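Only the coordinates and a few stated rules stand behind these numbers; no lab work does. This is a predicted model, so every value here is computed, not measured. Reconstructed Cβ throughout: ideal geometry from the backbone, glycine too, with neighbour counts over all protein chains shown.
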Amino acid sequence: MKSKIRFITVLIISLMIAGLCSCSSDKADDNRLKVIGTVFPQFDFARQIGKDRADCEMLLRPGADSHSYTGEDPSDLYRIMNCDLFIYVGGETDSEWVMKIKDKLDSSDEKRPVFLALCDVCDVMSESVEGIVEAEDETEEAGYDEHVWTSPKNAVKAVGAICDAMCELDPDNSDYYRKNCDEYVKELDALDSDFRVLFESTGSKTLVFADRFPFRYFANEYGLKCYAAFNGCASQSEPAPTTIVKLCKIVEEEKLPYVFYIETSQSGVPDAISKYTGCGKMLLHSCHTVTERELENGATYLSLMRQNLDNLRKAINDEQ
């Protein structure tokens, strides 16, 4: 009987300790720095810095199109209001709805998170897309590229600014964040170096995108000449026939073994050019968005950009 009572007593004490540990753990989680990035790159940069000491989330769901997002979802507004650091792109795509949210917070007594725009920290405006094939269509939209992170050098600037903001908001963990940031920047520098070695090894630096063109900063960084079916991330679903003809001509004249498409491609242009010229098709991932499966499989900015490096290396080797 005494042993039974002793067993029950030990069990109750064990459960009480477990409960207290659970409460303590929950409290610790509640006290972690809360960071939200609108799309994948900001989210991934923040989680590489914060790791297990920051709660990092992506505002848009995997696969969502940020170009049509309006920021009007009440649940998303609640999430933004209750985070510590909110990171957005800062170009034409999201500035309007972000400014509306900032105005709402400024006029209320609610706690306001720190807002950080990648276009600002990379010291760039949304660059006009130049030097690409333009459709002979008077209604064609002007193209702008806000995908600053496609240049690893810009990614380094963004990571540094995010780290600075996180350290200021959470000084107790600043040494931890700085250490993670330094290690991550080394990996980004190595990525940049590998791209430079690749492009220095080839005489041709011409790429054809049978798709939209979110790689202006990447092309500028490595001195590439790019042609595309659409200006930037234009909303058209199909290019003018004259554009397809021009792209086919470039592929044939340059003897390019592949045309490129991006992760959100919904156009039939890659298939059309491939069929007409006999070239292959290859993915270049802009890292703007990822699918649920990619996220579950552990996709990161670095893994996707190294996938691009492998694909470009194959394209260049086949060309030579």
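Would you work out the Kirkwood radius for region 202-319? I mean one over the mean of 1/r across all pairs of different Cα atoms, in Å. Over region 202-319, the inverse of the mean reciprocal pair distance is 14.7 Å. Once the chain from residue 75 to residue 174 is taken as fully extended at 0.36 nm per residue, the excess over their C-alpha distance is 32.6 nm.
Separation of region 72-126 and region 32-65, taken as the distance between their Cα centroids, equals 14 angstrom. Measuring between alpha carbons in the structure, the pairs from 225/281; 249/281; 225/314; 157/314; 246/314; 205/314 lying more than 21 angstrom apart are 157/314; 246/314. Please enumerate, by chain and number, the lysines with C-alpha under 17 Å from the C-alpha of residue 153, excluding those fewer than 8 residues away in the same chain. In chain and number order, the partners are 186.
Each label point was placed 7 Å from the Cα along the Cα-to-Cβ direction; for residue 310 and residue 112 their separation is 4.6 nm. The slack between residue 197 and residue 102, meaning 0.36 nm per residue of separation minus the straight C-alpha distance, is 29.9 nm.
With the simple model of a label 7 Å out from the Cα in the direction of the Cβ, residue 61 to residue 82 spans 1.9 nm. The residue 186 and residue 283 beta-carbon pair, evaluated with R₀ = 25 Å, returns a calculated FRET efficiency of approximately 0.40.
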